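Participant: Sharing a structure with you now.
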Amino acid sequence: LAPGPRDVGVQYVDARDMAIWSLEAAREGLGGAYNVVSAPDFTTMGELLETCVRVTGSDAELRWTAPERILEAGVQPWTDLPIWIPPGEGHESIHESGVGKALAAGLKCRPVAETVADTWTWLRSIGGVAPQRPDRPQVGLAPDVEASLI
């Protein structure tokens, strides 16, 4: 299941880029509020998911599905489908943040392919399963829900 729309922008930050920027900001004595994520047009849901398929060597076929259909199935944005929030106010708040101040202060975001490749390398190095806190609910879409949508 690929949550649409395919061309919608998503913002995120590689933790390494945040760390580099934070250390530089502290060294320069910067203060105040900053949105430390990529620019709204940095990548799209399509580019992110297609990069994941390519980098992992998966044979997954992305099935782009309309947000309305996903929501009607009871899928919870962000928790059932991490990063995804349907278009509207919630998406605007999370994925259309003004980041000009952070960019002007030196934030640089590495390409999505580099973040995905390095994350995939790390995940394989720890056995292929991301660590989960035992007191938190499991993240991700239940396989039966995904099957019913595709």
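The values are calculated or read from the model by the stated rules, or taken from the named source; none is laboratory data. Bear in mind that the values here come from a model prediction, so they are computed numbers and not experimental data. Neighbour counts are summed over all protein chains in view; Cβ atoms, including those assigned to glycine, are modelled from backbone coordinates with ideal geometry. Protein only, heavy atoms only, side chains kept; ligands, DNA and RNA dropped before computing areas. Shrake-Rupley method; radii C 1.70, N 1.55, O 1.52, S 1.80 Å.
Participant: Build a GNM of the chain with springs between Cα atoms under 10 Å: which of 96, 114, 72 gets the top mean-square fluctuation?
Facilitator: Ranking 96, 114, 72 by mean-square fluctuation puts 72 first.
Participant: In a GNM of the chain with a 10 Å cut-off on Cα contacts, which of 24, 92, 47 has the highest mean-square fluctuation?
Facilitator: Comparing 24, 92, 47 in a Gaussian network model of the chain, the most mobile one is 24.
Participant: Tell me the angle of helix 15-27 to the major Cα principal axis of the chain, expressed in degrees between 0 and 90 and rounded to the nearest ten.
Facilitator: Long axis of 15-27 versus the principal axis of the chain: about 20 degrees.
Participant: Return the long-range amide H neighbours of residue 2 (sequence gap of 5 or more, or a different chain), with a cut-off of under 5 Å between placed amide H atoms.
Facilitator: Here 63, 64, 65 satisfy the definition.
Participant: Angle between the Cα long axis of helix 112-125 and the longest principal axis of the chain, 0 to 90 degrees, nearest 10?
Facilitator: 70
Participant: To continue, here is another question. Taking amide H atoms as placed 1.01 Å from N in the peptide plane, list the residues 5 or more away in sequence, or in a different chain, whose amide H sits under 5 Å from that of residue 44.
Facilitator: Amide H neighbours of residue 44, under 5 Å, 5+ apart: 10.
Participant: While we're looking at this one, here's another question. Can you tell me the 0 to 90 degree angle between the C-alpha axis of helix 45-56 and the longest principal axis of the chain, rounded to 10?
Facilitator: Roughly 80 degrees between the two axes.
Participant: Do any chymotrypsin sites (Phe, Trp or Tyr not before Pro) in the stretch 1-107 lie in a loop, going by DSSP, with at most 15 other beta-carbon atoms within 10 Å of their beta carbon, and if so which?
Facilitator: Numbers: sites: 12, 21, 34, 42, 64, 78, 84; in loops: 12, 34, 42, 78, 84.
The qualifying sites are 78.
Participant: Under 10 Å, Cα contacts only: if you run a Gaussian network model on the chain, which one of 123, 49, 81 comes out with the highest mean-square fluctuation?
Facilitator: In this elastic network of the chain, the residue with the biggest mean-square fluctuation among 123, 49, 81 is 123.
Participant: What whole-number value in Å² describes the accessible area per residue of the stretch 59-100 for a 1.4 Å probe? Before the final figure, lay out each step's value.
Facilitator: Details: 2570 Å² over 42 residues.
In whole numbers, the stretch 59-100 has 61 Å² accessible per residue.
Participant: On the protein heavy atoms, probe 1.4 angstrom, tell me the percent of accessible surface of the chain carried by carbon and sulfur. All intermediate terms of the calculation are to be shown ahead of the outcome.
Facilitator: Values: 5130 of 9150 Å².
Percent of accessible area from carbon and sulfur atoms in the chain: 56.
Participant: With N set to the number of residues, divide the alpha-carbon radius of gyration of the chain by 2.2 N^0.38 Å and report two decimals.
Facilitator: Working: Rg = 16.8 Å, N = 150, 2.2 N^0.38 = 14.8 Å.
So the chain has a normalised radius of gyration of 1.14.
Participant: Which semi-axis lengths, in whole Å and largest first, follow from the square roots of five times the eigenvalues of the Cα gyration tensor of the stretch 37-124? Working shown, then result.
Facilitator: Details: eigenvalues 109, 91, 20 Å².
Taking √(5λ) for each Cα gyration eigenvalue gives 23, 21, 10 Å.
Participant: Against the empirical 2.2 N^0.38 Å scaling, what ratio does the C-alpha Rg of the stretch 59-107 come to? Spell out each step's value before the answer.
Facilitator: Values: Rg = 14.7 Å, N = 49, 2.2 N^0.38 = 9.7 Å.
Working it through for the stretch 59-107, the quotient is 1.52.
Participant: Now for a separate question. Considering only DSSP states other than H, G, I, E and B, which trypsin sites (Lys or Arg not before Pro) in the stretch 49-150 qualify as loop sites with at most 12 other Cβ atoms within 10 Å? Before the final figure, lay out each step's value.
Facilitator: Values: sites: 54, 63, 69, 101, 108, 124; in loops: 63, 108.
Sites meeting the loop and neighbour criteria: 63, 108.
Participant: Tell me, what is the FRET efficiency for residue 53 and residue 33 to the nearest 0.05, using R0 = 35 angstrom and their Cβ-Cβ distance as r? Please report the intermediate quantities before stating the final value.
Facilitator: On the way: r = 36 Å, r/R0 = 1.03.
Result of the calculation: an efficiency of 0.45.
Participant: Another one. Residue separation times 0.36 nm, minus the C-alpha to C-alpha distance between residue 142 and residue 26: what's the value? Intermediate results must be reported in sequence, preceding the final value.
Facilitator: Values: separation 116, 0.36 × 116 = 41.76 nm, distance 4.18 nm.
Computed gain between residue 142 and residue 26 is 37.6 nm.
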